[in-house]
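The values are calculated or read from the model by the stated rules, or taken from the named source; none is laboratory data. Because the structure is a prediction, the values reported are computed rather than measured. FYI the Cβ positions are ideal-geometry reconstructions off the backbone, even for glycines, and counts take in every protein chain you see. SASA here: full protein model, heavy atoms, side chains in, ligands and nucleic acids out. Shrake-Rupley method; radii C 1.70, N 1.55, O 1.52, S 1.80 Å.
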Amino acid sequence: MSASLPGSRDLPVSQYDLSTYMGRVRHAIGITNPSTLLAGSSGLDRAKKLVTDYKTGKLPDITPELWEAKRLVDATLHPDTGKPVFLPFRMSSFVLTNLVVTLGMLQPGLSTTGVIGWQIANQSVNVAINSANANKSSPMTTATLAKSYAIAVTASCSVALGLTRLVPRLRVSDGTRNVLKRLVPFAAVASAGALNAYLMRRGEIDTGIDLRPVLSEAEKKKLEEEGKSERDVPSLGRSQKAAKLAVYETAASRVFNSSPVMIIPPMILYYIQQKAAWYKNLMEKEWVKARPRVATTIPIGLNLGLIAVTSFAVLPLALAVFPQQQQISADSLEEEFHGKGGSGGKVWFNRGL
């Protein structure tokens, strides 16, 4: 993230108003844009140099090129470590990384082995993404990571297998039963996704996360004159209450993100297969009937397209529900932080993604 680069001249966190939901959505669209994955190491180095030039005073004004550079830096570097997040686990790669796994889980008629296999694959991806983007002021031990992973996999497989066996026994119409079957992956993914985020980061609740005072404009200017930045301000300490808020909000955002992706595409596909005349006409064509592989590929391709479109549309909306760098009143936290807030009596912390 740009705040981790050298220089005492702070660059605005965003060109959008992050105190509003739509401002955060527009900001999230920038950092989740897959085009940032194409920059490579040379493109990242150029972006880091441009941001550093501004922060050290070599670049006098904010330009469109500087905003693009900041967008690339924010999409690539972890805000706590300043190091690049492993490419498949960046938010800009989130949809692409999850696409194959999501498609696999939504396949109708999966065997028990298939259900378990895809749930394990999904939780493995969740673990990697949660770990790569978590607040790094409270790192998780390997033992805790392994334990959390095992619990999340067990939970997701239990929900998926339990509902898979329960739905056929329900006394409902065939149409309703078919709809419910398509929602089984949603129930498993939504519940396990939130549980995974909580388990992966619950260590933060025990140890707390770093807090820093919110600075006024005058204080920021004074730091700049001293050759320092906001990141050089010492931590006020670690707050368990702030950590709990960060972890719970991240778990909730996982549900907000997975819900539309696991519900909208299968419902649209079911409607197309049952009601759309063009789909029925296509599947009745002789050249399709003569090619079983094509007949199988068509619904899979439609499903993949629906998942991709929904995922790209939903991710910024889900990420923007809660601010990443969150401000909170110091007096609402532990007693040791009362009266230690900065501007407006507030402190800030990195919620993580």
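Being open to solvent by 10 Å² or more (accessible area, probe 1.4 Å) and over 15 Å from the mean Cα position of the chain (by Cα) is the filter here; which residues of the stretch 200-212 pass it?
ARG202, GLY203, ILE205, ASP206, THR207, ASP210, ARG212
Every residue in the stretch 27-38 that is part of a helix (DSSP H, G or I) and closer than 17 Å to PHE256 by Cα, please.
ALA28, ILE29 - these are the residues of the stretch 27-38 that are part of a helix (DSSP H, G or I) and closer than 17 Å to PHE256 by Cα.
So which of ALA295, ALA243, ALA276 ends up being crowded, with 22+ Cβ neighbours inside 10 Å, more than 17 Å from LEU99 (Cβ to Cβ) and among the aliphatic types (A, V, I, L, M)?
So the residue among ALA295, ALA243, ALA276 that is crowded, with 22+ Cβ neighbours inside 10 Å, more than 17 Å from LEU99 (Cβ to Cβ) and among the aliphatic types (A, V, I, L, M) is ALA243.
Of the residues VAL115, VAL127, only one is assigned to a helix (DSSP H, G or I), more than 15 Å from ILE31 (Cβ to Cβ), among the hydrophobic types (A, V, I, L, M, F, W, C) and under 14 Å from the mean Cα position of the chain (by Cα); which?
It is VAL127.
Would you check if there is a residue in the stretch 300-308 being more than 20 Å from LYS181 (Cα to Cα), open to solvent by less than 70 Å² (accessible area, probe 1.4 Å) and out of contact with any Phe, Trp or Tyr (no Cβ under 9 Å at 6 or more places or on another chain)?
yes
Wholly within the stretch 180-284, which helices (runs of 4 or more DSSP H) include no fewer than the required count, namely at least 3 residues that are under 22 Å from VAL95 (Cα atoms) and at pLDDT below 85?
240-275
Pick from SER191, SER253: which is among the polar types (S, T, N, Q), open to solvent by less than 30 Å² (accessible area, probe 1.4 Å) and either in contact with a His (Cβ under 7 Å, 6 or more places away or on another chain) or within 25 Å of ILE116 (Cα to Cα) (or both)?
Result of the check over SER191, SER253: SER253.
Got a sec? Which of SER41, SER14 is hydroxyl-bearing (Ser, Thr, Tyr), part of a helix (DSSP H, G or I), more than 29 Å from ALA187 (Cα to Cα) and without any contact (Cβ under 8 Å) to a residue 24 or more places away in the chain?
Criteria check complete, one pass: SER41.
Read through the list (1) modelled with pLDDT under 80; (2) in a helix (DSSP H, G or I); (3) under 29 Å from THR207 (Cα atoms), then give the number of the only condition that ALA132 fails.
With respect to (1) modelled with pLDDT under 80; (2) in a helix (DSSP H, G or I); (3) under 29 Å from THR207 (Cα atoms), ALA132 is out only on (1).
If you take the residues of the stretch 309-351 that are at pLDDT below 90 and among the basic types (Lys, Arg), which of them is surrounded by the most Cβ atoms within 10 Å (Cβ to Cβ)?
ARG351
Under 8 Å between Cβ atoms, which residue pairs at least 6 apart in sequence (or on different chains) link something in the stretch 46-67 that is farther than 20 Å from GLU226 by Cβ and part of a loop (DSSP other than H, G, I, E, B) with a partner that is open to solvent by 50 Å² or more (accessible area, probe 1.4 Å) and modelled with pLDDT under 90?
Filtered contacts from the stretch 46-67: ILE62/PRO12.
Quick check on my filter: what residues within the stretch 155-175 are modelled with pLDDT of 75 or more, part of a helix (DSSP H, G or I) and surrounded by fewer than 17 Cβ atoms within 10 Å (Cβ to Cβ)?
SER158, LEU161, GLY162, ARG165, LEU166, PRO168, ARG169, ASP174
Kindly list, by first and then second residue, each pair from a residue in the stretch 262-273 that is closer than 20 Å to VAL314 by Cα to a residue that is modelled with pLDDT of 85 or more and surrounded by fewer than 16 Cβ atoms within 10 Å (Cβ to Cβ), limited to pairs with Cβ atoms under 9 Å and residues at least 6 apart or on different chains.
Final answer for the pair search is PRO265/GLY305; PRO265/VAL309.
Being assigned to a helix (DSSP H, G or I) and over 16 Å from VAL13 (Cβ atoms) is the filter here; which residues of the stretch 317-343 pass it?
LEU317, ALA318, ALA330, ASP331, SER332, GLU335, GLU336, PHE337
Of all residues in the stretch 74-95, which are buried (at least 16 other Cβ atoms within 10 Å of the Cβ) and in a helix (DSSP H, G or I)?
Of everything in the stretch 74-95, those that are buried (at least 16 other Cβ atoms within 10 Å of the Cβ) and in a helix (DSSP H, G or I) turn out to be ASP74, ALA75, THR76, PHE89, MET91, SER92, SER93, PHE94, VAL95.
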